[in-house]
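**Student:** Let me begin by handing over the structure; questions about it come next.
Read-outs: derived from the displayed coordinates by stated rules, not from any lab. Being a predicted model, the structure only gives us computed values, none of them experimental. Note: ideal-geometry Cβ built from the backbone for every residue, glycine included; neighbour counts use all protein chains shown.
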Amino acid sequence: MKHSLQRRVTVAFTLLSAVLGGVLALLVYVAVENYEDETYPERMAADFEWLTDLVSSGRPVDLSPGREHWAGAAIPAEFSRLGPGYHSVENAGSSRHVMVGDIAGERHLLVYDDVEFENLERKMTLWLGLGWAASICFALWLATLTSNRVIQPVRDLARAVSEERMPSDLPMLSAKDEIGELARALATREEALQKFLERERLFTADVSHELRTPLTVILGAAEVVKLRASQSGDRPSQDAAERILRTAREAGSIVAAFLLLSRPPDRNLAPQLALLPLLERDIEQQRIGLGTKPVKLELRIEATPIVHGAPELVSATIGNLVRNACQYTTEGFVTVVLKPDRVIVEDSGPGLSLSLQKELLSSRMLSVQEAAHGSGRGLSIAYRIAEHLGWQVVHEQTASGGTRFTVSFARG
């Protein structure tokens, strides 16, 4: 929330108020200074005319405190060189206003001390500063209150989207402002995504369901061929039938996995499953498939964890990684390590292409170009099923150039 929209609105509103308040205070201060510079010359010129009338008529000059009158030789030395007219004299940190003129051929000075005005000016500056600070505090309070009310509809909309409400239940749909426009755009997008996901789910379920019948026929026919070959002693036919059976069973498991993958994940109802027997079965199938290829397939058991998940999905996730490693490793090793909270599949094969590595690091899904060539399709399936199970698959490139996949899971 450091850079939340509400904080940005509050800061912007407060800064705007601070700048406007500062400009207003500065204008008042400048106006007061200009008032002083423009008012004193006019005021003292009028007072000097009054002084001239008093002196010419011989009446005594009676001035209020802070006002002084000097004439002739009594004029202080600091003012003796001033010419006729108005002067502002700075002396010992204080400002004095002086009007110089001649009355009946004699030099006269009218001096006004500026202490009173300076005190007033200091008080005004203090009050301006306090008022500016108070205006900032008030603006901050008002901005917080206002921004909260302004941002609340956005929060309500975000909460509704995170709660996966139906598009028609989103708030602010009828609003005429920008938030209403955003709500309607989100509702339209959400509805389109729901329709797309429903079509994809139905397609996957239908395809998986339709493939079951031919796979059942293939399994039955392969069982008959294997039995007859065993009875007649035809070893080649028996091996071929065994390969057909093994491949058909794998295809059946994949079809079942896709059927489960088309349904929403419900990890609370997932059965507990011992991972070791399933892993041993998959590795044994891959070991048979390696044949005479110079690849050492090894299983290291450091723990026997229990996980939550359907056997078809678990087998499809780890089995695809093991199958990919065995398929692309022409010589060397494929090592599977079973740990308490993860399974590691490492090989000495050629590794993954840079483009496929980028795909795995970003979206975990294959691009159209990769999918068209079938490169890494098993990896894409493994990532999708792992996400469905709530697991995490991490890819690393080994120092020898091979690959290492780590499947992390929550133990049952």
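**Student:** When His97, His209 are ordered from fewest to most other Cβ atoms inside 10 Å of their Cβ, what list results?
**Tutor:** His209, His97
**Student:** Could I ask something else about it? Using modelled backbone amide H atoms (1.01 Å from N, in-plane), which distant-in-sequence or interchain residues come within less than 5 Å of Thr403's amide H?
**Tutor:** Answer set, sorted by chain and number: Asp347, Gly349, Gly351, Thr398.
**Student:** Does the stretch 5-143 come out rounded, prolate or oblate, given a ≥ b ≥ c as the square roots of the eigenvalues of its C-alpha gyration tensor, rounded meaning a/c under 1.5 and, failing that, prolate meaning a/b above b/c? Show your work: numbers first, answer last.
**Tutor:** Numbers: a/c = 4.04, a/b = 3.80, b/c = 1.06.
Prolate.
**Student:** If you don't mind, there's one more thing I want to ask. With label points built 7 Å along Cα→Cβ from the Cα atoms of Ala399 and Thr330, find their separation and express it in nm.
**Tutor:** 2.5
**Student:** Would you mind calculating the gained length between Ala104 and Val28 on full extension (0.36 nm times residue separation, minus the Cα-Cα distance), in nm to one decimal?
**Tutor:** Working: separation 76, 0.36 × 76 = 27.36 nm, distance 4.25 nm.
Separation in residues times 0.36 nm, less the Cα-Cα distance, equals 23.1 nm.
**Student:** On full extension of the chain, what length is gained from Leu63 through Ser408, given 0.36 nm per residue of separation minus the C-alpha to C-alpha distance?
**Tutor:** Full extension of this stretch gives 114.5 nm more.
**Student:** Could you please tell me the mean projected area of the C-alpha convex hull for the stretch 106-192, averaged over all directions and given in square nanometres to one decimal?
**Tutor:** Numbers: hull surface 42.4 nm².
Approximately 10.6 nm², given one-decimal rounding.
**Student:** Another one. So what is the 222 nm mean residue ellipticity for the chain from helices alone, if each DSSP H run of at least 4 adds -39500 (n - 2.57) and you divide by all residues, rounding to the nearest 500 deg cm²/dmol?
**Tutor:** Dividing the helical sum by the residues of the chain leaves -21500 deg cm²/dmol.
**Student:** Can you give me the distance in nm between label points at Glu284 and Ala18, each placed 7 Å from the Cα along the Cα-to-Cβ direction?
**Tutor:** 7.4
**Student:** Let me make sure I get this right: for the stretch 291-340, a, b and c are the square roots of the gyration tensor eigenvalues over alpha carbons, sorted descending. Under 1.5 in a/c it's rounded, otherwise prolate if a/b > b/c, else oblate. Which is it?
**Tutor:** It is oblate, given that a/c is not under 1.5 and a/b is not larger than b/c.
**Student:** For the residue pair Leu197 and Arg7, what label-to-label distance in nm results when each label sits 7 Å from Cα along the Cα-to-beta-carbon direction?
**Tutor:** 3.1
**Student:** Still on this structure, I have one more. What FRET efficiency comes out for the pair Arg43/Thr146, r = Cβ-Cβ distance, R0 = 45 Å, nearest 0.05?
**Tutor:** For Arg43 and Thr146, the calculated efficiency is 0.45.
**Student:** Given a cut-off of under 8 Å on Cα pairs at least six residues apart, what relative contact order in percent is computed for the chain?
**Tutor:** 10
**Student:** Continuing with this model, one more query. Kindly identify the chain as rounded, prolate or oblate by the Cα gyration tensor criterion: order the square roots of the eigenvalues as a ≥ b ≥ c, call it rounded if a/c is under 1.5, otherwise compare a/b with b/c, prolate if a/b is larger, else oblate. Provide the component values of the computation, followed by the final result.
**Tutor:** Details: a/c = 6.07, a/b = 3.87, b/c = 1.57.
Prolate, because a/c is 1.5 or more and a/b exceeds b/c.
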